[in-house]
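Here's the structure, in structure tokens; my notes come after.
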Amino acid sequence: MALWYDDKKQTRPPTQGGGTDPALERRVETLETTSGEQQADIDSMTSVMQQTAPQQLAAFARVMAVQAAPTMTDSQALTMPDLFPTWEQVLEEAQPLKKDAIINDGGTLYRVVQDNTTPQEGQPPHGEGVLAVYRPIDQSHAGTAEDPVPWIYGMDCHEGTYYSYNGKTYLCKSDMLPCVWAPDTAGLWQWEVQEG
């Protein structure tokens, strides 16, 4: 017996004996469900195809940047900050983040330090107490006395690198990974203010 289904009339063939075959009915229902899921995929693709070429290119670039983030250097990431998901988008998706993923939080990029990190509303990358999860990225400065790195709470600070903070330049005297002590903290030997 051939299986046929007229989607206009929504009728199915009767089995021999005039009734319907329950196994056949289940198979047809499965096919209809699968077709519905496939239609949703087709509708989604159609929506993307109806976007303008620049919109498609931008969407593709965002996907590629997110996929490449784990192997991307900080300097490379800083050249394309708008391609990374924002903190708001990550919260809305509510999916675990992979180690080395990159998030744009208020214009500052942060790298995820721990694998399978689920974003929590009260724990943004710029917040206190989340340094074991997110670290700020800044490699756009040379770290010299002439081009110091702007200090951000929680960033990794390396010995021999210069940082700017509150209008002054400081030399980092020891690795601080992460650094939770502002360069102008009184009594810290790890920071040396530069005169002149």
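The values are calculated or read from the model by the stated rules, or taken from the named source; none is laboratory data. Predicted model, so just to flag it, every value in this text is computed and none were measured. As a convention, Cβ positions derive from the backbone with ideal geometry for all residues, glycine included, and neighbour counts pool all protein chains shown.
Within the range 98-110, is even one residue more than 20 Å from MET64 (Cα to Cα) and surrounded by fewer than 14 Cβ atoms within 10 Å (Cβ to Cβ)? Yes; the residues of the range 98-110 include at least one that is more than 20 Å from MET64 (Cα to Cα) and surrounded by fewer than 14 Cβ atoms within 10 Å (Cβ to Cβ). On inspection, LEU131 does not qualify as assigned to a strand (DSSP E or B) and surrounded by 12 or more Cβ atoms within 10 Å (Cβ to Cβ). Under the condition of being in a strand (DSSP E or B) and of a type in the set (Phe, Trp, Tyr), which residue from the range 140-196 is farthest from ALA77 (Cα to Cα)? Among those that are in a strand (DSSP E or B) and of a type in the set (Phe, Trp, Tyr), it is TRP191. The residues of the range 48-98 that are out of contact with any helix residue (DSSP H, G or I) (no Cβ under 9 Å at 6 or more places or on another chain), of a type outside the set (A, V, I, L, M) and assigned to a loop (DSSP other than H, G, I, E, B), listed by number, are GLN50, THR52, THR73, THR79, GLN95, PRO96. May I ask you to verify whether ASP100 is acidic (Asp, Glu) and over 13 Å from the mean Cα position of the chain (by Cα)? Against the criterion (acidic (Asp, Glu) and over 13 Å from the mean Cα position of the chain (by Cα)), ASP100 does not qualify.
Let me confirm something: among THR73, THR108, THR118, which residue is in contact (Cβ under 8 Å) with a residue 60 or more places away in the chain and either more than 19 Å from GLY154 (Cβ to Cβ) or of a type in the set (Val, Ile, Thr) (or both)? Answer to the check: THR73. The condition of being modelled with pLDDT under 80, surrounded by 11 or more Cβ atoms within 10 Å (Cβ to Cβ) and among the small types (Gly, Ala, Ser) does not hold for ALA53. Within the range 139-148, is there a residue that is in contact (Cβ under 8 Å) with a residue 12 or more places away in the chain and either crowded, with 20+ Cβ neighbours inside 10 Å or over 30 Å from THR169 (Cβ atoms) (or both)? Yes: one or more hits.
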